[in-house]
Structure formats: structure tokens, C-alpha cells
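Asks: Handing you this structure, nothing more for now.
No value in this document is a laboratory result; all are computed from the given coordinates. The shown structure was predicted, so the numbers you read here are calculated from the model rather than taken from an experiment. Don't worry about glycine lacking a Cβ; one is built from the backbone with ideal geometry, like all the others, and counts go over all protein chains shown.
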Amino acid sequence: MSILAAACSYQNVLHNANNLFLRGESARLSGRDSLASERYTEVVRKTGEALRDRPQGEWANEALVLHGRARLRLGELREAQAALADAVRLNSPESDEARVYLAAVKAEIGDV
């Protein structure tokens, strides 16, 4: 597979994961918690696979933030904290967003 095809594939995975997250948020806000959990779990799976395949990829930080947000919604606070802390360490444009969600995780854990 060419580098361009691999990059497009990775970006497509993140696009799909982001759409799943938004669908999870919609389900959560309409009280369909089971459906929301399913969507967040799919996000965790997709972003996890993307990060395993290309941990240093161009969109790794975006994947980490999305992964952390989905873990937060699932109540998997330690996993969310780890992903978001990794995103902060990469110091990319998404790092500010990661800091906000990391603060939310720490508040949930009681580590503030």
C-alpha cells in the first residue's frame, strides 16, 4: 500500500470514529444510554486500532483525544487519563482540547 493510501485510510478511520462519537453524543443526550455506550465502544476500538497501526502518524494526537473522550464517556477514567495525557505530551494543536478533557477526568477521579 502506498504512503498516500495509508494516510487516506488512517484519516478515513478517524473521520468515521468522529462520526460515531457524535452519534454517541446524540444518543446520550436523548437518553439512549445503551446505544451511546455502543458508539463510544466502537470509537475506542477504531481509534485504538489506528493508534496501534500508526502510533506516530500525522493524526495520532487527534486519535488520542478522541480515544480519551470516548473512554471518559464510558467511565473508563484511568484509560481516558492515559490517552489524554499522551495527547498533551505530543504538544500539537489538539493539546489544548486534551487538557480540557484531562481536567474533566481528573475532576471525576478526584485528583484535582
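Asks: Is the chain best put as rounded, prolate or oblate by its Cα gyration tensor, with a ≥ b ≥ c the root eigenvalues, rounded for a/c under 1.5, and otherwise prolate when a/b is larger than b/c, oblate when not? Could the numbers behind the result be given before it?
Replies: Values: a/c = 2.31, a/b = 1.24, b/c = 1.86.
It is oblate, given that a/c is not under 1.5 and a/b is not larger than b/c.
Asks: About the Cα centre, and with charges only on the beta carbon of Lys, Arg (+1) and Asp, Glu (-1), how big is the dipole of region 3-109? Nearest 20 debye, please.
Replies: Numbers: 15 positive and 15 negative charges, 39 e Å.
The calculation lands at about 180 debye.
Asks: Test of understanding: in a Gaussian network model of the chain with alpha carbons linked when under 10 Å, which of VAL44, VAL88, VAL100 would top the mean-square fluctuation ranking?
Replies: VAL100
Asks: Next question. Could you please report the charge total around VAL65, scoring K, R as +1 and D, E as -1 over all other residues with beta-carbon less than 9 angstrom from its beta-carbon?
Replies: Details: positive: ARG69; negative: GLU62, GLU94, GLU97.
After counting each charged neighbour, the total is -2.
Asks: OK, next. In the chain, with Lys and Arg counted as +1 and Asp and Glu as -1 at Cβ, which of these residues, SER92, ALA27, LEU72, has the Cα nearest the positive end of the dipole, that is, farthest along it?
Replies: The residue sitting most towards the positive pole is ALA27.
Asks: Which of GLN81, GLN11, GLN56 moves most in a GNM of the chain, Cα contacts under 10 Å?
Replies: Taking springs between Cα atoms under 10 Å, the residue moving most is GLN56.
Asks: Quick check: pseudo-label points 7 Å beyond the Cα along Cα→Cβ at HIS15 and ASP53, how many nm apart are they?
Replies: 1.4
Asks: Pulled fully out, how much extra length does the chain show between ARG78 and GLU38, if you take 0.36 nm times their separation in residues and subtract their Cα-Cα distance?
Replies: Details: separation 40, 0.36 × 40 = 14.40 nm, distance 1.94 nm.
Result for the pair: 12.5 nm of gain on full extension.
Asks: Continuing with this model, one more query. Can you give the helix-only mean residue ellipticity at 222 nm for the chain, where every DSSP H stretch with n ≥ 4 adds -39500 (n - 2.57) and the sum goes over all residues, rounded to the nearest 500 deg cm²/dmol? Show your work: numbers first, answer last.
Replies: Values: 5 runs with 91 residues, N = 112.
Helix contribution divided over all residues of the chain: -27500 deg cm²/dmol.
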